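Following this message is one structure expressed as structure tokens.
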Amino acid sequence: MTARRKGYEGVVVVAPTTAPYQRFSIKTAHWWIARALGDCLASARIGPRDIDGFSVASFTLFPDTAVGLTQHLGLSVRWLDHVPLGGACGVVALRRAARAVQCGDSTIVACVAGDTNHVDSFRRMLSSFSRFAQDASYPYGAGGPNACFALLTDYYMRTYGARREDFGKICVTQRDNALKNPNAVMKHPLTMDDYLAGRPISDPITLFDCVMPVAGAEAFLVMREEDAIAQNLPHAHILGTIERHNAFSEDVIQTRGGWAMEIDELYAMAACTSQDIDVVNTYDDYPVIVMMQMEDLGFCAKGEAPSFVRDSDFTICGDFPHNTSGGQLSAGQAGAGGGFLGLTEAIRQVTGTAGPTQVDGAKMALVSGFGMINYDRGLCSGAAILSGGDT
Amino acid sequence: MTEPLKPPPKKNPQRRTRAPTRPSHFRSRAALGLAAAAGEGRFMLQVCDRCTAIQYPPRDACSACLSIDLSWKDAKPTGTLIAETTVQTSTNTYFRERSPWRVGTVVMDIGPSVIAHIHGDITVGEHVRLVNRLDRSGQAVFFAMPVHGTDNPEDDLQMREMTCDPKFRRVLITDGRNPNSVAIAEAFVKAGASIIFVGESEAWRPYPNQSALRGVDNVEILPLDVTDTNSVQVLSGEISGKTDILVNNARFIRPGGLFDRRDVVFAQQEIEVNYLGLMRLAQSFGPVMRERAADGTNSAVSWVNILSAYAWTNEPDFGPFSASNAAALSISQALRADLADSGIRVMNVYVGPTEDEWHQPLPPPKVTPGSLARAVVTGLRDGLEEQFVGDIAEDLIKRWRDNPKVLEREMIANRGRA
């Protein structure tokens, strides 16, 4: 057993911010990050000179990194982080920033993730995503993540009996949720028939299993609880977090993620069980990954996610509110911003500021991240449990 | 069951010829080791020198023990297909034009899971055999084949993209006067080539296989003298637009070391045929073939050079001849680079002493026209880049790879042993 970890007492998360997404943008990642950061600071009623910590996640900043952004955006900070972990960047940025604030290395950390989406951005990114992808997966049909996840989905369906309708239910209910989120890119209802009739992409994956790449950005602030109270800011506590990379490398194909290794630690640190969670925001780049998270985060046993999906209602008013903003499947995937989407929504939920997507009485939320199909599987996984201000 | 390939319809010259595209050719330096193996038809993986762990994808350090000493070794290529997908929409033009395209996850019997192209005759759960092939980008990919016998496996459309199969293709053999021309033409007939053009220089001057060549099915004899730029250009104007496979077997050879000759007359002839002849052919036929690399069932697909293995190291008793072949080997690499964009494969077939009058006093083993011809066709079917035919050529390349400087001394020591 590893050493017992310290909690995050005295540290809070505030000012969840979304720069409304666009399908394509002629702006740069710098512009999107500036926009989200500006809105975030404004909502916390502070200025750029008040933050002394800065954390950035983005795929399209090249040739810049976080440090170039400090000059570009006029920030002078004493703590700086760049988190190139794709869908896990939200949880990872949060837990790093929380320790920085807790230990006094920084007083206020602004965490931002976002990307632009030019007409050709996605195609350009695929061939050079990682060395193993370049060498060993992209040359095989150049299907990108669609093809990689199609293989995982095919295997999962054969092994655990998941049906297309089960994945469809996840997508359809998230669309219902998205219709209540004014920032969601998808504005039209999606029926099961629509889902099943979706254009084939990479069998068994069809159109509505895939996220839509968009331009956009997400942000939040990590600060001391006393400062949040002094500023009268709605704030969320961090009850527990986990992170694990390259878990279960001996598995012949991915059927589980790093959550399964760390899950006991997560609930022990948060001193709760899966039953205590009011809202769950999983990383939903493809519905099969949502099912793996349901299992690995302890909401059902391995292989039982298909029946769990059948027996649960994932809508905002349902018995298992899930991806209440619509998730990436319906709100859009703003590059690295996709790794923040569930987290900003979870902060809103537990602080009672989610507006139209608010789950009644939401006190505790679990958010999980997943990222980086380096070759044949996602390497990064993380999760965090947040609670409202008065816990 | 693979649908047998149908003969291509006659080309409509008014229709646009499909432009060649290719899969992604970007690879790390480590991954290029796989391409080197594929060029010779070998299935190899990196193995850790310290802990023997087998690695995939190619990398720079062992994922089991962190050793930085990894060696490419021949590996058992069998496994089980555990998942598949059919890519219906791709971001890459090459695959877009050829979709739907099947790929799958194969768990190898020796451990690693690999993503591979999969043959149409296999289904999930089946035991498969992986082959390491060059795709149209010239880079290596794995292809999962059925282990049980099936009908026309080579006609699978995805498989055909990884090979240079002569079936329904049109071939130019550049030198009818070479004693190997009949055997090569016959091998292409047997492999299903539709037309075999054979170049003939100085037709008025009889040669031993002249009538035999005219007796081979589908052979069309055309005037070609590779030492004459005009002759090459004229023939190119006539048939380069329908040359799918070019086999350059033109060769000028005279025995003798450097001091055995008193002048450079033979050497000039050797350079004219063996080096400049290849260059003339390349400059006339290459640019046209390159444009036709995606032209359907009988697209331009391969360029074959038959070279002496002594292109790699000088055989002093054939010193100037070896030098002309070294020049040809070098320019073949330039040709390969210029054809790379199109996906046309340059295959060099290296032979030791051949069974002909110029090697008459040498003892066996010597390469017969028949075994050379079989190697050419097999190499095309396997999409190879380098082939060493016969015991002497194979022995030579082994020694060269072990230590070229040691081999140079061995060539001196072995001198005149015949």
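The values are calculated or read from the model by the stated rules, or taken from the named source; none is laboratory data. Since the model is a prediction, treat every value here as computed from it, not as a measurement. FYI the Cβ positions are ideal-geometry reconstructions off the backbone, even for glycines, and counts take in every protein chain you see. For the accessible areas, the whole protein counts, side chains as well, though only heavy atoms, and no ligand, DNA or RNA atoms are used. Shrake-Rupley method; radii C 1.70, N 1.55, O 1.52, S 1.80 Å.
Distance between the C-alpha centers of the stretch A:242-274 and the stretch B:116-144? Whole Å please.
Result: 34 Å between the Cα centres.
Any chance you could tell me what percent of the C-alpha pair distances in the stretch B:13-84 go past 15 Å? Present the calculation step by step, with values, prior to reporting the outcome.
Numbers: 1657 of 2556 pairs.
Taking all Cα-Cα pairs of the stretch B:13-84, the fraction more than 15 Å apart is 65 percent.
Hey, what's the Kirkwood Rh for the stretch A:227-296 if you take every pair of different alpha carbons, in angstrom? Spell out each step's value before the answer.
Values: mean 1/r = 0.0700 Å⁻¹.
One over the average 1/r among Cα pairs gives 14.3 Å for the stretch A:227-296.
OK, next. P(r) tail for the stretch B:104-196, what percent of Cα pairs lie past 22 Å? Before the final figure, lay out the partial values.
Details: 1868 of 4278 pairs.
That fraction is 44 percent.
To continue, here is another question. What is the Rg over Rh value, at two decimals, for the stretch B:32-160, using alpha-carbon atoms and the Kirkwood definition of Rh? Kindly include the intermediate steps, with their values, before the conclusion.
On the way: Rg = 15.2 Å, Rh = 15.4 Å.
Value, to two decimals: 0.99.
Measure out, as a whole number of angstrom, how far apart the alpha-carbon centroids of the stretch B:354-418 and the stretch A:352-391 sit.
Cα centroid of the stretch B:354-418 versus Cα centroid of the stretch A:352-391: 66 Å apart.
Set the bar at 29 Å for Cα to Cα. Now go through A:LYS180/A:LYS302; A:LYS169/A:LYS302; B:LYS167/B:LYS398; B:LYS76/B:LYS242; B:LYS76/B:LYS190; A:LYS6/A:LYS180 and name every pair that lies beyond it.
Details: A:LYS180/A:LYS302 32 Å; A:LYS169/A:LYS302 19 Å; B:LYS167/B:LYS398 32 Å; B:LYS76/B:LYS242 40 Å; B:LYS76/B:LYS190 31 Å; A:LYS6/A:LYS180 38 Å.
Over 29 Å apart, Cα to Cα: A:LYS180/A:LYS302; B:LYS167/B:LYS398; B:LYS76/B:LYS242; B:LYS76/B:LYS190; A:LYS6/A:LYS180.
Lys/Arg Cβ at +1, Asp/Glu Cβ at -1, dipole of the stretch B:170-413 taken about the Cα centre: which of B:GLY192, B:SER330, B:TYR310 is farthest positive-ward?
Highest projection toward the positive end goes to B:GLY192.
Based on alpha-carbon positions alone, could you give the equivalent ellipsoid semi-axes of the stretch A:184-259 from the gyration tensor, as √(5λ), descending, whole Å?
Details: eigenvalues 268, 122, 23 Å².
In descending order, the three semi-axes are 37, 25, 11 Å.
Return the whole-Å distance between the Cα centroid of the stretch A:79-114 and the Cα centroid of the stretch A:1-78.
9
Another question about this same structure. With the dipole of the protein assembly as shown worked out from charges on the C-beta (+1 for Lys and Arg, -1 for Asp and Glu) around the Cα centre, which of B:ALA31, B:PHE43, B:TYR207 lies farthest toward the positive end?
Value computed over the given set: B:TYR207.
Please report the accessible area of A:LYS302 (heavy atoms, 1.4 Å probe, ligands and nucleic acids excluded) in Å², nearest 10.
Accessible area of A:LYS302: about 80 Å².
List the aspartates and glutamates whose Cα lies under 20 Å from the Cα of B:LYS405, skipping any in the same chain that are fewer than 8 positions away.
B:GLU315, B:ASP317, B:GLU394, B:ASP395
Among DSSP bridges having both ends in chain B, what percentage is antiparallel? Round to the nearest 5.
Working: 30 of 60 bridges.
Taking every DSSP beta bridge within chain B, about 50 percent pair in antiparallel fashion.
From the C-alpha coordinates alone, can you work out the Kirkwood hydrodynamic radius of the stretch B:170-413, in Å?
On the way: mean 1/r = 0.0552 Å⁻¹.
About 18.1 Å for the stretch B:170-413.
Could you tell me, in Å, what Rg and Dmax come out for the Cα atoms of chain A?
Looking at chain A, its Cα Rg and Dmax stand at 19.3, 56 Å.
Across all directions of projection, what mean area in square nanometres is found for the Cα convex hull of the stretch A:312-361? Present the calculation step by step, with values, prior to reporting the outcome.
Numbers: hull surface 13.7 nm².
For the Cα atoms of the stretch A:312-361, the hull's average projected area reads 3.4 nm².
For q values of 0.09, 0.12, 0.19 Å⁻¹, compute log₁₀ I(q)/I(0) with the Debye formula on a Cα-only model of the stretch A:115-228, without solvent.
Scattering profile of the stretch A:115-228, log10 relative to I(0): -0.36, -0.60, -1.14.
With only Lys, Arg, Asp and Glu charged, each at its Cβ (+1 for the first two, -1 for the last two), find how big the charge dipole of the protein assembly as shown is about the Cα centre; round to the nearest 20 debye. All intermediate terms of the calculation are to be shown ahead of the outcome.
Values: 79 positive and 92 negative charges, 283 e Å.
Here the size comes out at about 1360 debye.
If you don't mind, there's one more thing I want to ask. Hey, if you put +1 on the Cβ of every Lys and Arg and -1 on every Asp and Glu Cβ in the protein assembly as shown, which of B:SER137, A:HIS235, B:HIS127 ends up farthest toward the positive end of that dipole?
Going by the Cα projections, it comes out as B:SER137.
With a Cα-only, solvent-free Debye model of the stretch A:308-391, what are the log10 I(q)/I(0) values at q = 0.15, 0.21 Å⁻¹?
The Debye formula, applied to the Cα set alone, gives -0.59, -1.05.
Another question, then. Could you tell me the largest-minus-smallest coordinate of the C-alpha atoms of the stretch B:303-350 on each of the three principal axes, in descending order and whole angstroms?
Result, largest extent first: 39, 15, 11 Å.
How are the C-alpha pair distances of the stretch B:227-330 spread across 10 Å bins, as whole percents from the shortest bin up?
16, 40, 27, 14, 3, 0
Using the reciprocal of the averaged 1/r over all distinct C-alpha pairs, how large is the Kirkwood radius of the protein assembly as shown in Å? All intermediate terms of the calculation are to be shown ahead of the outcome.
On the way: mean 1/r = 0.0336 Å⁻¹.
One over the average 1/r among Cα pairs gives 29.8 Å for the protein assembly as shown.
Next question, about the same structure. On the first, second and third principal axes, largest extent first, how far apart are the outermost C-alpha atoms of chain B in Å?
65, 58, 34
Given the DSSP H assignment, sum -39500 (n - 2.57) over each helix run of at least 4 residues in chain A and divide by its residue total; what's the result at 222 nm in deg cm²/dmol, nearest 500?
Values: 14 runs with 140 residues, N = 391.
Taken over chain A, the calculation gives -10500 deg cm²/dmol.
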